[in-house]
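> Below is one structure. I have some questions about it.
The values are calculated or read from the model by the stated rules, or taken from the named source; none is laboratory data. Bear in mind that the values here come from a model prediction, so they are computed numbers and not experimental data. With ideal geometry, Cβ positions are generated from the backbone for all residues, glycine too; neighbour counts draw on all protein chains shown. To get the accessible areas, we keep the full protein, side chains included, count just its heavy atoms, and leave off ligands, DNA and RNA. Shrake-Rupley method; radii C 1.70, N 1.55, O 1.52, S 1.80 Å.
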Amino acid sequence: MTKAQLFDQIKQKKSYLCVGLDTDIQKIPQHLLVEKDPIFEFNRQIIDATHQFAVAYKPNIAFYEAMGAKGWESLQKTMEYIPKECFTIADAKRGDIGNTSGLYARAFFDKNSSGLDFDSVTVAPYMGADSVTPFLDFPNKWVILLALTSNGGSKDFQNLRLEDNKQLFEEVIRKSQEWATDEQLMYVVGATKADMLTHIRTLAPEHFLLVPGVGAQGGSLEEVSKYGMNSHCGLLVNSSRGIIYASTDKDFAKVAGEEAQKVQVEMEKYLNLYLS
Ligand SMILES: O=c1ccn([C@@H]2O[C@H](COP(=O)(O)O)[C@@H](O)[C@H]2O)c(=O)[nH]1
């Protein structure tokens, strides 16, 4: 999917919501456990209930890998089920020496090889250029590079000052722009770091940002939108637990749909206010 197509979706749905499919067998409603594939059944109902309010879905790969071969099968079925207009993110946080990264890229991007055809994958920048560029060899596919993450531990490395007093995450954003344009590269910035967004927009004015950390982690959608939005929105704001586990009862899908709609209504307001 191109950047223009993503912005078209955002305008059509008046939403920049990404629903996180962090589907945990221990958290899904009990009544689904009798299904042949409870994880897929849960995702199917969540997608049915939320897709009119969401422009993207982000399965966190850990939740599927932890279930072995069955988990990969549930993931493949989920990917087949997500409506084609939605942007898909493999939240896998990969990155390794070049030839290995190439295989990670095939795992998420090359349907003929792995059965998976994600639009994007999250990548850790720590190993540098040759660990990231193999993902960029796939046309129309995106790298979403971890820049300033939402967790407390992000300060251990990402805020370290370099010799020129720049913080490490700033250098990640600067250096990575030598590898790809904003047509293929996005950054992860946690909603819990919304106070940094004005500054981040000076470093990456045109890029889309994937912003996790609203909902369960307490980040503010209003602040993210106010300080992070650009002329083509430039934001995909993820909520996982806040939507998919809003109810853990038989009504889980209906309640998830209602939560997604609430977020969409708020996003519509911010699109009207802050789209420059
Ligand atoms: O900085 C980051 C990067 C990734 N994540 C992931 O996003 C979701 C957030 O889930 P919630 O339930 O909405 O808190 C989850 O998959 C994380 O692994 C992040 O939170 N922060």
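> Can you name the residue in segment 20-61 that is surrounded by fewer than 14 Cβ atoms within 10 Å (Cβ to Cβ) and part of a helix (DSSP H, G or I) and is also farthest from the ligand (Cβ to nearest atom) among such residues?
Val34
> Would you pick out the residues in segment 62-98 that are open to solvent by 70 Å² or more (accessible area, probe 1.4 Å) and within 16 Å of the ligand (Cβ to nearest atom)?
Those that are open to solvent by 70 Å² or more (accessible area, probe 1.4 Å) and within 16 Å of the ligand (Cβ to nearest atom): Glu65, Ala66, Lys93.
> Scan segment 224-276 for residues that are within 16 Å of the chain's Cα centre (by Cα) and charged (D, E, K, R) and jot them down.
If the condition is that a residue be within 16 Å of the chain's Cα centre (by Cα) and charged (D, E, K, R), then Arg241 is the only one that fits.
> Any chance you could count how many residues in segment 150-174 are closer than 25 Å to Leu6 by Cα and either without any contact (Cβ under 8 Å) to a residue 60 or more places away in the chain or away from the ligand (no atom under 14 Å from the Cβ) (or both)?
3
> Of the residues Tyr104, Tyr57, which is hydroxyl-bearing (Ser, Thr, Tyr), touching a residue at least 12 places away in the same chain (Cβ under 8 Å) and touching a Cys at 6+ places or on another chain (Cβ under 7 Å)?
Within the list Tyr104, Tyr57, the selection yields Tyr57.
> Restricting attention to segment 235-252, does a residue exist that is modelled with pLDDT of 95 or more, more than 16 Å from the ligand (Cβ to nearest atom) and open to solvent by less than 20 Å² (accessible area, probe 1.4 Å)?
No, there is no match, as no residue in segment 235-252 is modelled with pLDDT of 95 or more, more than 16 Å from the ligand (Cβ to nearest atom) and open to solvent by less than 20 Å² (accessible area, probe 1.4 Å).
> Would you tally the residues in segment 99-124 being within 16 Å of the ligand (Cβ to nearest atom) and in a helix (DSSP H, G or I)?
Total meeting the criteria: 1.
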